[in-house]
Amino acid sequence: MDAFVKQIANTLPCRDGFVRQLYRYYRTGDPFPPALYIYGQSSTGKCAILREVFRQWPGEDEGLRCAHLNAISCYTNKILFETIARQLEGAKLSQSNNYSSDGKLEYAKDFLAALRQRLDSDRSYVIVLRNAERLRDMAHNLLPLFLQLPEATGLNISVVMVSSLPFEKFYTKTGLPPLLKLFVPEYTRAEMQRILMNDFAQHILGLTGYQPRQDKQWLFAVTEEFHRNYVTLFLGTFWKVCRDVKELRLVAAECFPPYCEPIRDGTIPAQDSVKLWRNITKTLRAALSTMYMRLGTKSVGKSVTPDGTTWLAQNLELPYYAKYLLIAAYLASNNAAKEDRRLFMKNHGKQRKRLQTVNARAKVVEKMTTKLGPKAFNIDRLLAIFYAILDEKVGLTCNLLAQISTLVHLKLLTYASSAEGGGGGSAMLDGSATRLQCTVGMDFIMQIGRMVGFNVRQYLTDFF
């Protein structure tokens, strides 16, 4: 077991306890548990470690077969059953079989019959199902079936469900069979520092491709201790904002070449970490503001102020309708709901000019809505403003709602409240329950408006 854990720790460190538990369940030769539920926050190494544990290691027999699938893409019973049966059987879609399975598996009885007929009883099988919380929205008999699959098929088969929700969210009135649960905690700061320090060789490789071959003597000053100081400074800036391993590794790799530029130029010695930190501050600040947008830091760091917002808006590649959705979100966040009729309807009726109204419109800068911060709005109001400002007629499709989720993922919109405590999926469909806020500023949205030819100031009550 120790050699197995050590081998996985070389590529996926700081998860030795998790790997040991999986080894006891699936690598000791004993019958597999019927089901295992693994939960924890996203980007904690759950799926990556499962792939390493269940993959075919050199020198091992082929007695274990594993099917990896995502419940989001397998959104119907037919797709789910056929994908599981095909992967466990070892078949692949190709031109010879016309990219289709042998038989249609639309019902649970057909799925169980296919497993009994096609699979060898001498082998062991594992089904890894990511985003398992989607099973709650599928057929009601699907989850109990997976929890009792060995009993229903007579095979040594186990279902590993991976999710970010605790299993208590799955309970129904009729109850569910008991199963093993395994919690994967978030990485601590010390563990994250160790993970980033393991990327030392890749960071050095990025520096070697960054310069001509004849000018690489300065690389001898970039030691592991120097890299450790960089990782410590980097986490001091980003740790409170982001705990996502993938994002942190990506941004750390992008910021390392600018951090080493003064050493290459000879302006700052490698031992002076204070001056190096001051030199990289602007780049880190720019990377912090574009954390989830994957825009890179080479160009952003050069134009943080005063044109950084303009550069970001121009280089953020959003779909056409997503730009209008973002504009509608900004207008909903910075206008009162009672003003929507007057702003977006042609026949809104006459409005009498009273002294009280005139005095109220004499805005003080400190009291302007755009200065007080964004207000929350629901999806229904967002879509109503979107259709009001858009000249063409567009149907309400799933692609349009998916673009709202994309804006939330890019942190251009944030959840203020939701029927599911901030979870996006089904709460997004309930337009009155989900409340959002627009996080972009005035300069950013003005630039987006210029790109689509829309005058944003014309629809802000602060500028009447």
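Overview of results
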{"item": "Square roots of 5 times each gyration tensor eigenvalue, C-alpha, the range 1-183, largest first, Å", "result": "25, 21, 16"}
{"item": "Spacing of the two label points (7 Å from each Cα toward its C-beta) at Glu392 and Asp380, in nm", "result": "2.9"}
{"item": "Accessible area (Å², 1.4 Å probe, nearest 10) - Lys169", "result": "120"}
{"item": "Amide H within-cut-off set for Thr434, under 5 Å, with H built and near neighbours excluded", "result": "Ile379, Ala419"}
{"item": "Spin-label pair Gln95/Asn315, simplified geometry with 7 Å Cα→Cβ offset, distance in nm", "result": "4.2"}
{"item": "Sites Asn399 and Ile72, calculated FRET efficiency, Cβ-Cβ separation with R0 22 Å, nearest 0.05", "result": "0.90"}
{"item": "Distant alpha-carbon pairs in the range 88-240 (separation over 20 angstrom), percent", "result": "69"}
{"item": "Residue pairs, from the table Lys173/Lys246; Lys173/Lys240; Lys323/Lys375, whose Cα atoms sit over 28 Å apart", "result": "Lys173/Lys246; Lys173/Lys240"}
{"item": "Table column - 3J(HN,Hα) (Hz), the range 325-335, Karplus curve with 6.51, -1.76, 1.60, x for Gly and Pro", "result": "5, 5, 4, 4, 5, 5, 5, 5, 7, 10, 10"}
{"item": "FRET efficiency, 1/(1 + (r/R0)^6) with R0 51 Å, evaluated for Ser273 and Thr174 via beta carbons", "result": "0.25"}
{"item": "Contour excess over end-to-end distance, with Cα ends at Ala416 and Phe220 and 0.36 nm allotted per residue", "result": "65.6 nm"}
{"item": "At 1.306 mPa s and 10 °C, Stokes diffusion of the range 111-156 via Kirkwood alpha-carbon radius, µm² per second", "result": "135"}
{"item": "Size of charge dipole - the range 1-183 - debye, nearest 20, with Cβ of Lys, Arg +1 and Asp, Glu -1, no other charges", "result": "420"}
{"item": "Unit charges on C-beta of K, R, D, E only; dipole of the range 98-191, Debye", "result": "160"}
{"item": "GluC sites (Glu not before Pro) restricted to DSSP loop in the range 1-110 with at most 15 other C-beta within 10 Å", "result": "Glu60, Glu62, Glu106"}
{"item": "Dipole-positive endmost among Thr83, Ser121, Phe18 within the range 9-161 (Cβ charges, Cα centre)", "result": "Phe18"}
{"item": "Order by protection proxy (mean Cβ within 10 Å, highest first), peptides 171-177, 227-233", "result": "227-233, 171-177"}
{"item": "Net charge over other residues, Cβ less than 13 angstrom from the Cβ of Ala132 (K, R count +1; D, E count -1)", "result": "+4"}
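The values are calculated or read from the model by the stated rules, or taken from the named source; none is laboratory data. Quick caveat, the model's predicted, so the values are computed rather than measured. Heads up, the Cβs are rebuilt from the backbone with ideal geometry, glycines too, and the neighbour counts pull from every protein chain shown. To get the accessible areas, we keep the full protein, side chains included, count just its heavy atoms, and leave off ligands, DNA and RNA. Shrake-Rupley method; radii C 1.70, N 1.55, O 1.52, S 1.80 Å.
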